[in-house]
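What follows is a single structure, written as structure tokens, with notes after it.
The values are calculated or read from the model by the stated rules, or taken from the named source; none is laboratory data. Worth saying up front: this structure is predicted, and the values here are computed from it rather than measured. Here Cβ is always computed from backbone atoms with ideal geometry, including for glycine, and neighbour counts include all displayed protein chains. When the accessible area is computed, the model is the full protein with side chains, heavy atoms only, and any ligands, DNA or RNA have been set aside. Shrake-Rupley method; radii C 1.70, N 1.55, O 1.52, S 1.80 Å.
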Amino acid sequence: MLKKFVFIFTFVIAGCANPGDETVEALNTLEFHPDTMSQALNSTPEELQTLHSSNKEVITRLTVEIKAARVDNLRSVDVFDNRYGIDDVFQALTRLEEFNELNNTYLKDQNKDGLVQIGKALKPIKEKTS
């Protein structure tokens, strides 16, 4: 009887998970070390712009998905209730905002390595949500 209860309880808990939870966890556990300010020697402005646009598209899509899954229907009471894990959601959204700012800085500084590094860091998360 206990085994059946545990089995059913596991499915109930899994069913209650929000779609954005996996993305939030992946973003919050992502290790990323910003690249030092190194300019790209053999890159064209078009190549840099393409990398920047690709990164921006991923960042925007992840932000919209997380907000739709976890923030759009949020009540003000839920923000202060730790049971909903809202702190983790806002931390993930902050990380995405930081990635966006870093992406813009790398484009401005013509730092191809940094743009590539952002793309590589976000690729596994993007693939999970696709």
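The table for this structure:
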item	result
Computed FRET value (nearest 0.05) for K123 with L74, which takes r as the C-beta separation and R₀ as 41 Å	0.90
Additional length obtainable on full extension of the chain from S53 to D113, 0.36 nm per residue less Cα span	20.1 nm
Protein accessible area in region 46-128, 1.4 Å probe - carbon and sulfur %	50 percent
Heavy atoms of K56 accessible to a 1.4 Å probe, total area in Å² rounded to 10	80 Å²
Added length on full extension, which subtracts the Cα-Cα distance from 0.36 nm per residue, S130 to N104	6.9 nm
Cα-centred dipole magnitude for region 46-128, charges only on beta-carbon of K, R (+1) and D, E (-1), debye, nearest 20	220 debye
R61 paired with E46, simple spin-label distance in nm, labels 7 Å along Cα-to-beta-carbon	2.4 nm
Neighbourhood net charge (14 Å Cβ-Cβ; Lys/Arg +1, Asp/Glu -1) for D87	-2
Net charge over other residues, Cβ less than 11 angstrom from the Cβ of E25 (K, R count +1; D, E count -1)	-2
